[in-house]
Amino acid sequence: MNIVEIIPSFYPVGGAERFTYSLSKSLFDLGHNVTVVSLYDQSETSWLYSSLMKYGVKCFSLGKHKGIDFKCALKLRKLLKAIYPDVIHIHLNSFLTAYLSGCLKQYHCFMTLHSVVTTENNGKRTSPESLLKKHLYKKKFLVPVSIAAKVGKTFEEYYGLPKPMFILNGVDVSNCRFDHSYAERNYDFAYVGRFVELKNPTSIIKAFAKLHSLVPSVKAVMVGDGPLRQECLDLIRSLGLEGCISLPGMVHNGTDFISNAKALILGSSFEGNPMVVNEAIACGTYVISTDVGGVAQVIDSSCGKVFPYSRETLVDSLISEMKNFLDNEDSIEKGVFEHIQENRDRVSIERCAKAYIDLFQKNLKKN
């Protein structure tokens, strides 16, 4: 099958960017002809893009400018005409450029919904872009795919259309080390993600500070970058936690930190199906997360715990859940590793890629 993956850019690196990278590699490994198109030019920091090229996946960047760019749409149209794909798979806000290129009426096009579909994320339901998407979804020119059942439900509520099918995200489990016990791991807790308001990293630090007063030996690492990172550094210093919480910044090997922690912490106000959750499950790292988006669909008692999100009670809830983990660490670890192999299979990118291929083929047969 000839597949084109379209994404705005691979930088900054977030869950959708890493998912597109892993999916493209897995589709390529399954024997399909994969071309990745980045609308914006890739800087030297776009290591995912360069890694795909080294892997053998064909990659193009089109030099898009911010806003509506008709020249970029024309470049995309010419490129797709040369490739003539069986399937085009669209990610994030690549939609408008793809539409302007004319590809949605020429090829079989699919769009993954990487997060909940709300007015906060997508704007008013009556905006021109939202109305256009609704028309294209309704007429089957664009097939939506949600990454979790809850994401599909928000799609239904926002557009007034039937819930799309969902395919849970996957990760390259071969990069997720799981062959070492909790006693061998350097951190009790890890946070891996962007330092942005919706992830509530400052609340995690405040909860850790209270936990540290109860259990002085506890250690944590917070990996990533973003507008709140400096505020988090200042908060850690003001609380005297420099020796207890490490902030290595943006790294290429986030799974190394996840596999070196006993538990992953998420305090997000909303999510889709976070890649870090799947990576933690594959590493045998217990997940403690707010019950938002599709997180609860991935987590069960064999790999983690979710709790209701409330901005007012978030810090107290995090303290309670982290303390409960430490108090029951041995039994939790035993339960995690009893189910590690089946859980790794469940969150693998190979399983995810095969599900996408099945979806693509079924839609090709219909036409």
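The values are calculated or read from the model by the stated rules, or taken from the named source; none is laboratory data. Just so it is clear, the model here is predicted, and its values are computed rather than measured. A quick note on method: Cβ atoms are made from the backbone with ideal geometry, for glycine too, and the neighbour counts reach across all protein chains shown. Keep in mind that these areas ignore ligands, DNA and RNA; they rest on the heavy atoms of the full protein, side chains included. Shrake-Rupley method; radii C 1.70, N 1.55, O 1.52, S 1.80 Å.
Provide the descending list of Cα extents for the chain along its principal axes, expressed in whole angstroms.
62, 41, 39
Straight-line reach from Lys210: which lysines fall under 25 Å, measuring Cα to Cα and dropping same-chain residues less than 8 apart?
In chain and number order, the partners are Lys199, Lys219, Lys262, Lys305, Lys323.
Could you give me the ³J(HN,Hα) list for the range 221-233, computed from phi with Karplus coefficients 6.51, -1.76, 1.60 and θ = phi - 60°, whole Hz, x at Gly and Pro?
9, 10, 9, x, 8, x, x, 9, 5, 5, 4, 5, 4
Please give the peptides 143-149, 314-320 ranked by average Cβ packing (other Cβ atoms within 10 Å per residue), highest first, as a rough proxy for protection.
143-149, 314-320
Counting every Cα pair in the range 98-183, what percent are over 22 Å apart?
37
Just want to confirm a number: the relative contact order over the chain, from Cα pairs under 8 angstrom separated by 6+ residues, in percent.
Relative contact order, the chain: 15 percent.
Could you please state how large a percent of the accessible area of the range 224-317 is carbon and sulfur, counting protein chains only and using a 1.4 Å probe?
50
Taking the Cα atoms only, what angle lies between the long axis of helix 128-138 and the longest principal axis of the chain, rounded to 10 degrees?
It is inclined by approximately 80 degrees.
List, largest first, the extents of the alpha carbons of the range 1-128 along their principal axes, each in whole Å.
42, 30, 26
Can you tell me the 0 to 90 degree angle between the C-alpha axis of helix 329-338 and the longest principal axis of the chain, rounded to 10?
40
For Lys305, enumerate residues with amide H under 5 Å from its amide H, sequence gap 5+ or separate chain, H modeled in the peptide plane.
It is Val287, Ile288, Ser289, by chain and number.
Treating the beta-carbon of each Lys and Arg as +1 and of each Asp and Glu as -1, no other charges, what is the dipole magnitude of the range 101-168 about its Cα centre, to the nearest 20 debye?
240
If amide hydrogens are placed 1.01 Å from N in the peptide plane, which non-local residues have theirs closer than 5 Å to the one on Val223?
For Val223, the qualifying residues are Tyr191, Val192, Gly193.
Please get the size of the charge dipole for the range 262-367, origin at its Cα centre, with Cβ charges of +1 on Lys and Arg and -1 on Asp and Glu, quoted in debye to the nearest 20.
Rounded to the nearest 20 debye, it is 680 debye.
At a threshold of 8 angstrom on Cα-Cα distance, excluding pairs fewer than six apart, so keeping six or more, what relative contact order does the range 268-345 reach in percent?
33
Counting only residues 5 or more places away or on other chains, whose amide H sits under 5 Å from the amide H of Cys109 once H atoms are built in the peptide plane?
When sequence neighbours closer than 5 places are left aside, the close amide H contacts are Ile88, Val143.
Assigning unit charges at the beta carbon (Lys, Arg +1; Asp, Glu -1) and nothing else, what dipole magnitude in debye, to the nearest 20, does the range 168-318 show about its Cα centre?
Dipole size: approximately 240 debye.
Find how many whole Å separate the alpha carbon centroid of the range 200-227 from the alpha carbon centroid of the range 70-118.
Comparing the Cα centres of the range 70-118 and the range 200-227, I get a distance of 41 Å.
For the range 130-202, what relative contact order do you get, as a whole percent, if you take Cα pairs closer than 8 Å and at least 6 residues apart?
20
Which whole-Hz couplings ³J(HN,Hα) result when phi for each residue of the range 356-365 is put into the Karplus expression 6.51 cos²θ - 1.76 cosθ + 1.60, θ = phi - 60°, listed in order with x for Gly and Pro?
Karplus values, whole Hz, x for Gly and Pro: 5, 4, 4, 4, 4, 5, 5, 6, 5, 5.
Give the residue from Tyr107, Asn93, Ala190 lying farthest towards the positive end of the charge dipole for the range 77-228; charges sit on Cβ (+1 for Lys and Arg, -1 for Asp and Glu) and the dipole is referred to the Cα centre.
Value computed over the given set: Tyr107.
For the range 314-326, take each phi angle, set θ = phi - 60°, evaluate the Karplus expression 6.51 cos²θ - 1.76 cosθ + 1.60, and give the result in whole Hz per residue in order, putting x for glycine and proline.
Along the range 314-326, the couplings run 4, 4, 5, 5, 5, 4, 4, 5, 5, 5, 4, 4, 4 Hz.
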